[in-house]
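The values are calculated or read from the model by the stated rules, or taken from the named source; none is laboratory data. Quantities reported herein were computed from a predicted structural model and do not represent experimental measurements. Glycine also receives a Cβ, built like all others from the backbone with ideal geometry; neighbour counts cover every protein chain displayed.
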Amino acid sequence: MTRFRKSPLAAAAISLVTLTLSAAPALAVTYNWGSGNFVPGTTAPHPLLAPDLLNINGASSKIFSGVAFTNNSLVNWQGGAIFLGGGASVVNNGLWDAQGDDTMAATTGSGSFTNNGTLRKSSGTGATTIASGVGFTNNGSIDAQIGTLRLGGGPMAFNAGSVFTGAGTVEVTSAATFGG
């Protein structure tokens with residue numbers, strides 16, 4: 001008769017390895033618009049997403065004509081008049097920073113500017129103006145840090161959630177609706 005001997009099993013070692021993958025932080029892309037018509041996807045993406053930024057600079061006029069643009073990041077309005085026309089729609093969900101004494105006005109038809117984020121005047125001791133013909137709707141913050149932020153577009157609505165801050169002056173120079 002053959003005998004079998006039981007052999008002890010070697011203890012098995014089990015180890016778990018945790019692997020964590022993280023994406024590298026997104027690099028910001030800076031778009032510079034110095035003159036001419038805004039072309040979505042060429043001048044800057046529509047919508048502009050964080051961390052990207054759009055610098056509107058130079059003394060030449062810039063025109064939003066019949067286009068839509070949404071800012072979900074940062075726009076630095078550093079110089080030059082901005083004209084909205086042909087039903088153009090600008091929506092600010094991020095920070096729109098007026099860094100000078102410039103004007104946004106309507107041309108050939110109307111346009112609209114809706115602020116759901118922060119509209120800030122951070123530079124220039126004179127006035128930054130949103131002039132007649134630009135429909136202005138505010139659902140966010142208006143921050144006049146210096147000078148005067150003159151809102152004289154039309155029609156104008158300041159909805160519930162509108163906040164006014166800063167050491168500068170905010171002037172509402174045309175008929176407006178205040179809600180909330």
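Tabulated values for the structure
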quantity	calculated
Number of the condition not met by Ser110 [criteria: (1) at pLDDT 95 or above; (2) closer than 27 Å to Gly161 by Cα]	(1)
Per-region count, the stretch 165-180, residues part of a strand (DSSP E or B) and closer than 26 Å to Ala68 by Cα	4
Count of residues meeting criterion [assigned to a loop (DSSP other than H, G, I, E, B) and surrounded by 15 or more Cβ atoms within 10 Å (Cβ to Cβ)] in the stretch 35-45	3
Of the criteria (1) within 20 Å of the chain's Cα centre (by Cα); (2) over 16 Å from Arg120 (Cα atoms), which one Val163 fails	(2)
Close pairs (9 angstrom Cβ cut-off, 6 or more residues apart or separate chains): hydroxyl-bearing (Ser, Thr, Tyr) in the stretch 159-180, at pLDDT 95 or above and not in a strand (DSSP E or B) anywhere	Ser162/Asn139; Ser162/Gly140; Thr165/Gln145; Thr169/Gly147; Thr177/Asn159
Answer residue from the stretch 138-156, given it is in contact with a Gly (Cβ under 7 Å, 6 or more places away or on another chain) and not in a loop (DSSP other than H, G, I, E, B) and is surrounded by the fewest Cβ atoms within 10 Å (Cβ to Cβ) among those	Thr148
Verdict on Gly41 being of a type outside the set (S, T, N, Q) and on the phi > 0 side of the Ramachandran plot	yes
